[in-house]
Every structure is written in C-alpha cells, then in structure tokens.
Amino acid sequence: MNFFARAVLPAVLALTSLSVCAQQATGTLNFEVKPFTSEVELKPKIQSQLESGGIEWGVKDGQVVITMVNKRFVDFDISHMTRFGKSEQVTLPAGNYRVTAIGLEMHTAFSVEKVLNKGAYVNEDVLSFSIEEGKTTTLSVLPVIRKDMTFFVKWYMPALLTSVVTDAGSGSEKVINARGEGSIAWPKYSGALKFVAK
C-alpha cells in the first residue's frame, strides 16, 4: 500500500462510517390509544363490544395511515391493530411524518363497494410530527363516541381526537377522521392509498 492510500483510506472509511450512522438514526413512535368515552348512553352489550375494539394503522416511508375502512380496500401496509386502552411502540427512521385518516360514514347499500362509495373518504396529511434520534414521539388517540357521529341505532363511529406529544409538551387535539371540506370522497380519490383490483 503506497503512502497516498495509507493516508486517504482511513479518512474514506471514517466518512463512510459517519454516513452509515446518519442513515441508521432512529427514534421511537409510541402509538397510544386511550380508552374510549361516549357522549351517548350505551347498552351493556354495545359497551362490551366497543371495549374489545381498536384502531388499525400502518406506517412506512414517512406516512402514518389510520383507517376506519377495512384494510383489504387500502393499498398500504396496515400491519398494526392497537386496542382501546393500549399502546404500541415501533422504531422508525428519524425524520418528518404525516398522518392520513381514512374515514367512514355508514349508509345503507346492497354491496360493500356501494357503502364505500357513499360513505368512505380520505383526510390527507391532517397531522404531522417528527421522529428524533434517540427520542420518543407519542401519537395519542382518544376515541369518543359523539352524538353527531352516531349514524343509526346499532352503528357507532368514534371521533379520533389525536395529538402529538413530545418532550416539549402536548400539541392540540384534532379530530382526524371527521368529514369536512378537505375530505376526498372515495369515488373521487385517485391517490396511492386506494386499492384497485387488477
């Protein structure tokens, strides 16, 4: 090995090591689902059914998707189901993340596809947060059964009051699955999250 190689090689290796470390910087997402509450009186059987429920979600490539629509209709890796009153931690690359919620209002229809076309919608990028190296960021979800989201006697859709909690404190709560002006109706949504049968 000549003098130039002996002098330069250690520097190259050091830079490579720094680059690998930077790529591997990770932090923790704590996905916390609080016990649900209700603004309406629930029968014991309904109460018991809701207590056994939870929230389906997935995270990849800087995006968190929370869905009220069955995951077989969603083209995203919805690999987590966190029960009410539980939490789940995942290690993620440090960086910025966005939250998208897929909501659902129930309507009578003769097929699942028609139910989706009438009642499903996408709320894109309704919340954002950062994962910092070596730190934990909590996505806190409070499910609330609200009168205005109760569609008929046997169907209860919780409003998901969601906030970001870090070492700096807690952000304001936002209902991420409410239908609003920014919601994209399922038939009109042509983004990457809609599963299209081939």
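The values are calculated or read from the model by the stated rules, or taken from the named source; none is laboratory data. Quick caveat, the model's predicted, so the values are computed rather than measured. A quick note on method: Cβ atoms are made from the backbone with ideal geometry, for glycine too, and the neighbour counts reach across all protein chains shown. What goes into the accessible areas is simple: the full protein's heavy atoms, side chains included, and nothing from ligands, DNA or RNA. Shrake-Rupley method; radii C 1.70, N 1.55, O 1.52, S 1.80 Å.
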*If we keep just the residues of segment 85-110 that are of a type outside the set (D, E) and not in a strand (DSSP E or B), which is surrounded by the fewest Cβ atoms within 10 Å (Cβ to Cβ)?*
F110
*Which condition number in (1) open to solvent by 10 Å² or more (accessible area, probe 1.4 Å); (2) at pLDDT below 95 is the one that G119 fails?*
(1)
*Kindly provide the set of residues from segment 53-69 that are loosely packed, with under 14 Cβ neighbours inside 10 Å and in a strand (DSSP E or B), ordered by number.*
K60
*Given the structure, is R72 open to solvent by 10 Å² or more (accessible area, probe 1.4 Å) and modelled with pLDDT of 95 or more?*
no
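Results for (1) modelled with pLDDT under 95; (2) under 24 Å from T162 (Cα atoms); (3) of a type in the set (A, V, I, L, M), shown as yes or no for each residue.
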{"residue": "P35", "(1), (2), (3)": "yes, yes, no"}
{"residue": "K43", "(1), (2), (3)": "yes, no, no"}
{"residue": "L92", "(1), (2), (3)": "no, yes, yes"}
{"residue": "N96", "(1), (2), (3)": "no, yes, no"}
{"residue": "H107", "(1), (2), (3)": "yes, no, no"}
*Residue check, T82 against (1) over 12 Å from the mean Cα position of the chain (by Cα); (2) hydroxyl-bearing (S, T, Y); (3) assigned to a strand (DSSP E or B), all met but one. Which one?*
(1)
